[in-house]
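Report on the following structure.
Where a number appears in this text, it was derived from the coordinates with a stated rule and is not lab data. Note that the structure is a prediction, hence the values are computed from the model and not measured. Don't worry about glycine lacking a Cβ; one is built from the backbone with ideal geometry, like all the others, and counts go over all protein chains shown.
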Amino acid sequence: MSELSAEDIQLMKQAIAARDLAYAPYSKFSVGAALLLDNGTIITGNNQENAAYPSGMCAERVAIWKAGSEHPNMVVKKIAITASSSTSTVDKPVGPCGACRQTLSEYEINQKEPITLIFMGEVGKIVKIKSLLSLLPFSFDSSYL
Ligand code: THU
């Protein structure tokens with residue numbers, strides 16, 4: 001964490017705060033995401049589970065859709081992600097799942113500027129990646145439609 005910039009640390013702290021408010025009674029696996037917009041606004045989200053399991057939603061998509069709905073012309077600069085579990089210590093970096101990568105890619109393509117990802121577990125190493133699309137080679141986009 002000490003190797004991150006002050007801006008990145010601040011963003012990760014917001015992701016941690018969001019993570020700790022997650023609604024994850026079934027998996028016990030709490031995820032928090034914090035997006036930094038180019039106007040300095042930070043938008044957070046966390047996973048929201050459901051008794052009908054597939055009706056739940058990941059933290060990253062809760063955050064990006066919240067941001068997209070409130071700031072339709074936004075540019076997302078960065079997203080910080082963190083996860084913890086009440087059954088074990090999450091000591092590996094937790095990157096976005098495939099569906100979240102696809103969802104985030106739509107925004108990175110539209111804004112024509114990369115979205116930096118910074119992700120961690122609860123403790124341990126933090127991964128920082130300059131562009132979401134680098135995590136999604138051969139991705140599907142609107143050019144196929
Ligand atoms: N989860 C996320 O919120 N983001 C991810 O990228 C991976 C998984 C959530 C979904 C579910 O509530 C819990 O973690 C366990 O899969």
Just K112, K28, K78 to compare: in a GNM of the chain, with alpha carbon springs under 10 Å, which one fluctuates most?
-> K112
Once whole DSSP H runs in the chain are found, which of them have Cα atoms spread over 27 Å or more along the helix axis and a mean Kyte-Doolittle score of at least -1.0?
-> none
Per the Kirkwood definition applied to all pairs of different Cα atoms, how many angstroms is the hydrodynamic radius of the chain?
-> 15.2
Percent RCO, i.e. relative contact order, over the range 1-102, from Cα pairs under 8 Å lying at least 6 residues apart | 28
Return the distance in nm (one decimal) between the two label points of a simple spin-label model at A99 and W65, each offset 7 Å from Cα along Cα→Cβ.
-> 0.9
What is the fewest-to-most order of F138, F29, F119 by other Cβ atoms lying within 10 Å of their Cβ?
-> F138, F29, F119
Under 18 Å from a label point 7 Å along Cα→Cβ of L145: give me every residue in the range 87-118 with its amide N that close.
-> 99-112
Relative contact order of the range 94-145 (C-alpha contacts under 8 Å, at least 6 apart) in percent is 36
